[in-house]
Each structure stands twice: as structure tokens, then as C-alpha cells.
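Below is one structure, written out as C-alpha cells; comments come after it.
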Amino acid sequence: MFRSAVAATLLIATPAAAQQLTPEQSAKVDTIVADALRSSGVPSASIAIVRDGKIVFTKAYGDQGPGIAKGPDVNAKYQIASVSKQFTAAAILLLENEGKLSLDDKVSKWVPDVTDADKITIRQLLSHTAGLQDYWPQDYSFKAMETAVTPQQIVDRWAKKPLDFTPGTAWQYSNTGYVVAGMIIEKASGKKLLDYLQAKIFKPLGMQAIDQDKAVGKGFPQGTHRYALGPVRPAKPAADGWLWAAGELAMSAADLAKWDIARIDRKLLTPEDWAMQETEVKLADGTPTRYGLGVSLGEHGGKKEVSHGGEAVGFLSSNVVIPEARFAVVSLVSADFGGANDVIAQGITDLLLPVAKPAAALTLDQQRDALARKLFDQLRASAPDRSLMTEDANYFFDATVLGDYRASLAPLGEPLAFEPIGKPRLRGGFVNRNYRIRYKDRMLVAVTYAEPGADGKFEQFLVMPR
């Protein structure tokens with residue numbers, strides 16, 4: 001029976017090159033991962049951290065299942081699913097540099113039996129703007145996925161349906177589009193997709209990536225499901241062929257980090273092609289999509305964030321790169337529930353690249369309460385800012401009134417609390433707000449009326465014993 005992470009003791013492998021994190025940072029990373037696994041019930045995780053363009057930390061946590069005999073293995077290959085899309089897109093860019101195709105080729109040149117193939121470009125396939133219906137929108141494997149499938153069979157069932165929208169006019173995630181892109185890679189290169197990736201990307205970067213369909217059984221992490229709050233259960237893998245060019249790869253966290261370093265250093269692909277992959281594809285009417293060619297686009301602390309997540313049967317993954325900061329984090333987990341992968345990636349990013357969060361804007365009531373307290377303090381000192389008061393209020397606060405306010409209030413010192421009573425209400429065109437002013441041995445009340453709005457002037461500010 002699969003050993004649930006909830007019941008098992010957390011097992012930790014030795015970190016590699018962890019000395020570039022401080023001991024305190026390493027301990028906090030451990031806590032981030034352990035907390036994410038514990039709270040979600042996710043059995044295992046494997047992470048890699050890149051700082052200054054180098055892998056400085058790799059570690060595996062938890063129970064990777066019966067296929068991993070001696071505890072968590074940092075070299076274990078997790079299925080990265082849709083994180084693979086950026087490799088498919090990179091293959092297209094490499095083939096364009098070889099002069100074998102163009103991003104703006106019509107799909108009809110390569111796979112003519114796709115619906116409206118003469119209206120869809122390769123660029124639109126890679127940016128999810130082609131209109132092809134997604135063959136796997138579900139977060140579970142459906143019945144057909146128990147039987148092996150070929151790319152052509154996926155195309156026959158889903159890519160020959162009417163388009164969901166005119167190409168370029170909307171954004172809709174589509175695994176189908178990436179299957180078509182994979183078929184184009186094989187036709188343009190004359191090689192199997194994984195053979196081309198091996199020759200052009202994995203071997204040059206020293207990556208040990210394999211077909212995710214083969215990453216099952218002895219030596220590989222066990223993918224898991226969880227139904228509602230039930231027990232963690234082993235996940236039955238989909239039959240061969242279902243993820244292919246839309247999510248075909250399995251690798252270790254460190255191997256994926258090597259790809260991230262190539263992105264940071266602008267190696268393997270040309271700088272122009274890296275920039276092309278990271279350029280947002282906008283819709284025909286200029287609407288932003290926050291997506292490039294196989295990557296999601298965002299920002300962290302004012303710097304571009306290039307990321308993608310992945311979901312296979314029993315696995316989730318997150319890959320976050322901030323090229324300008326020369327930083328990346330890879331988070332792979334052996335569960336398709338709980339979202340621990342994102343929690344880990346975000347937590348580590350926030351730890352090592354902290355961003356000051358802007359103070360939350362004050363509500364209108366909070367602004368008015370602060371202004372009331374300000375005027376109260378001024379009246380205690382007999383020095384009110386008369387621009388805060390209406391003509392009638394300025395008439396009321398003559399020398400006698402100000403003298404009595406100062407003489408009776410100043411000796412009380414600072415109040416222990418100045419807090420609103422009840423909710424604001426309208427009267428006579430003004431907003432009535434009342435306040436409880438608490439001292440150690442007495443209580444006062446301020447009854448105020450003011451013009452509406454954040455800058456409304458006070459019509460009344462009466463202080464009296466409660």
C-alpha cells in the first residue's frame with residue numbers, strides 16, 4: 001500500500017551546493033516545503049533553486065513511493081507535464097533558425113486536415129490563440145485515456161471540430177494546438193519529437209530528460225490522487241501518447257533548472273529567440289494574453305517573470321524564472337491535488353526575492369476617522385487647522401470655546417483609545433460620525449458632522465463627557 005505523507009515521517013535528502021544559501025534560508029526553505037506537504041497531504045516534492053545563474057540548492061522531500069527504495073531521491077524524474085510546452089515551442093524556434101519553417105506559416109502547409117488550417121499560424125498554436133478545442137480540459141483522466149493514442153488520433157477527434165473562435169481573436173488554453181505543433185516539428189525536422197529535443201536541447205545542456213510515458217514504476221516517483229479529504233491513493237497513469245508534445249517530458253528538478261539557466265544566460269537559443277518566446281502575444285484587437293510561446297508572463301518586483309505549471313495524472317509542477325534577477329525555482333510534486341507545487345514555488349520566491357507590498361489603501365471611513373483624531377488633537381492644543389472646518393464650525397470655535405477645549409482636555413494627556421461608535425449616518429446633508437475617547441479614569445464622546453467625501457470639512461466637533 002502506498003505510504004501516505006500524512007502518516008509517514010518526513011524524509012529529507014542531502015542538499016546539493018546548499019552553502020550558497022545561508023543556514024537560516026535553508027531552514028526556511030525546508031519549512032516552506034514541509035508545511036506545504038503537511039497541510040495538503042501531498043506525499044513528496046523535489047525542488048531546485050537557481051541564484052546568480054547557478055544551481056545553489058536541490059533537495060527531495062517526503063515519500064516518493066515504492067519505486068524509490070532508499071528514501072527521497074533528488075535525481076528522481078518527475079513528470080513535468082505542460083512545463084514541456086516551452087520545449088516544444090523552443091523546437092519550433094530552432095527549426096525556424098534552421099530555415100525549415102516560419103512561425104507565421106499556415107498550419108495547412110504542414111497538417112492540412114486540421115479545421116481552417118489555412119487560417120491558423122504556428123505562432124497561434126504556440127500561444128493558445130488558434131481556436132482549436134482543448135482535448136484535455138479535465139483535471140482527471142477520462143475513459144479514452146485508458147487506451148494508447150497517436151497524435152493523429154487526437155487530431156482526428158478534436159482538431160477537426162469547428163473552431164471555438166476565429167484564430168487570433170481569443171485566448172483559450174489548448175493541448176490540441178501543441179499536438180499539432182509536435183506533428184509539424186516531426187515533419188519539418190524529419191525526426192521524432194523526442195529525438196529532436198534530445199539532439200538540440202537535452203544533450204547540449206546535459207539534461208537527462210525522458211518520455212514521461214516511460215517514467216513509471218521502479219526508480220520513479222509514484223503519482224497520487226486524493227478525492228475530497230479522503231486518503232492519498234496511487235494514481236493510474238494515462239496510456240501512452242496522451243501528453244506527447246503538450247506535456248511529454250519527465251526530468252529531475254535539477255535538469256529543469258539547467259534549462260532555466262540557459263534561459264537566464266541566453267544560451268542554446270539565440271537571444272532574439274529567447275526574447276520571442278517571452279514576448280506577449282496579443283489578440284487581434286490588442287487585448288493582452290499574458291502568454292508568450294509556451295510560457296506564461298507576469299512580473300515580480302517590477303521584473304519580468306517567465307513561468308509555467310504542469311499537470312499530469314498524479315503529478316503537478318511549477319517552474320518560475322526571473323531572468324533579470326538571474327533567479328529560478330523548480331517545484332515538482334507527486335500529486336495532482338493540493339497545489340503544494342505553487343505554494344512552494346511562491347514561498348521560495350518571496351523568501352529569496354522579497355518584494356515590499358504596498359500598504360492597503362484606507363477606506364473612506366478610515367480616512368475620516370484619522371482626520372477626526374487629527375482635529376481632536378489640534379483642538380486639545382487650541383491650534384485647529386481651520387481649513388478642515390466649514391464657515392459655521394470656524395464661527396463656533398471662537399477664543400472662548402478654544403480656551404475651554406484646551407484647558408479641559410490638555411491635562412488629560414493622550415487618550416488610550418479614539419474609536420468610532422456605530423456606523424456613519426446622514427443628517428442635514430452632512431455625515432454624522434461619533435467617537436468614544438477613552439482615558440484611564442474617564443470616557444468622553446465626540447459628536448461630529450462633516451461634508452460628504454474624504455475631504456469633506458467638519459461642520460461640528462463637539463466633545464462632551466459620557
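So the values come out like this:
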{"item": "Members of region 134-148 found to be closer than 22 Å to Phe87 by Cα and either in contact with a Pro (Cβ under 7 Å, 6 or more places away or on another chain) or crowded, with 20+ Cβ neighbours inside 10 Å (or both), listed by number", "result": "Tyr135, Trp136"}
{"item": "Matching residues in region 408-466 - criterion: being among the small types (Gly, Ala, Ser), surrounded by fewer than 17 Cβ atoms within 10 Å (Cβ to Cβ) and not in a loop (DSSP other than H, G, I, E, B)", "result": "Ser408, Ala410, Ala417, Gly422"}
{"item": "Filter result for Thr390 (in contact with a strand residue (DSSP E or B) (Cβ under 9 Å, 6 or more places away or on another chain), within 30 Å of Val447 (Cβ to Cβ) and either of a type in the set (S, T, N, Q) or without any contact (Cβ under 8 Å) to a residue 60 or more places away in the chain (or both))", "result": "yes"}
{"item": "Residues within region 30-67 that are more than 18 Å from Ala325 (Cα to Cα), of a type in the set (Val, Ile, Thr) and out of contact with any helix residue (DSSP H, G or I) (no Cβ under 6 Å at 6 or more places or on another chain), tallied", "result": "1"}
{"item": "For Ala360: the one exception among (1) farther than 30 Å from Arg226 by Cα; (2) surrounded by 20 or more Cβ atoms within 10 Å (Cβ to Cβ)", "result": "(2)"}
{"item": "Total residues in region 386-403, condition under 19 Å from Met464 (Cβ atoms) and surrounded by 12 or more Cβ atoms within 10 Å (Cβ to Cβ)", "result": "7"}
{"item": "Any hit, region 332-343, residues being surrounded by 17 or more Cβ atoms within 10 Å (Cβ to Cβ), hydroxyl-bearing (Ser, Thr, Tyr), out of contact with any Leu (no Cβ under 7 Å at 6 or more places or on another chain) and modelled with pLDDT of 95 or more", "result": "yes"}
{"item": "Output for region 125-165, where each listed residue is outside any helix (DSSP H, G or I) and under 19 Å from Pro112 (Cβ atoms)", "result": "Ala130, Gly131, Leu132, Gln133, Thr150, Lys160, Lys161, Pro162, Leu163"}
{"item": "So Ala417, is it modelled with pLDDT of 95 or more and touching a helix residue (DSSP H, G or I) at 6+ places or on another chain (Cβ under 7 Å)", "result": "no"}
{"item": "Only listed residue being assigned to a strand (DSSP E or B) and either out of contact with any Ser or Thr (no Cβ under 7 Å at 6 or more places or on another chain) or in the same structural domain as Ile264 (by TED's automatic domain parsing) (or both), chosen from Ile32, Ile47, Ile68", "result": "Ile47"}
{"item": "Leading residue by the ranking (surrounded by the fewest Cβ atoms within 10 Å (Cβ to Cβ)) among those in region 170-201 that are more than 25 Å from the chain's Cα centre (by Cα) and either part of a loop (DSSP other than H, G, I, E, B) or not assigned by TED's automatic domain parsing to the domain that holds Ala238 (or both)", "result": "Gly190"}
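The values are calculated or read from the model by the stated rules, or taken from the named source; none is laboratory data. As the structure is a computational prediction, the values presented were derived from the model and not from experiment. All Cβ positions, even for glycine, are placed from backbone atoms using ideal geometry, and neighbour counts span all protein chains on display.
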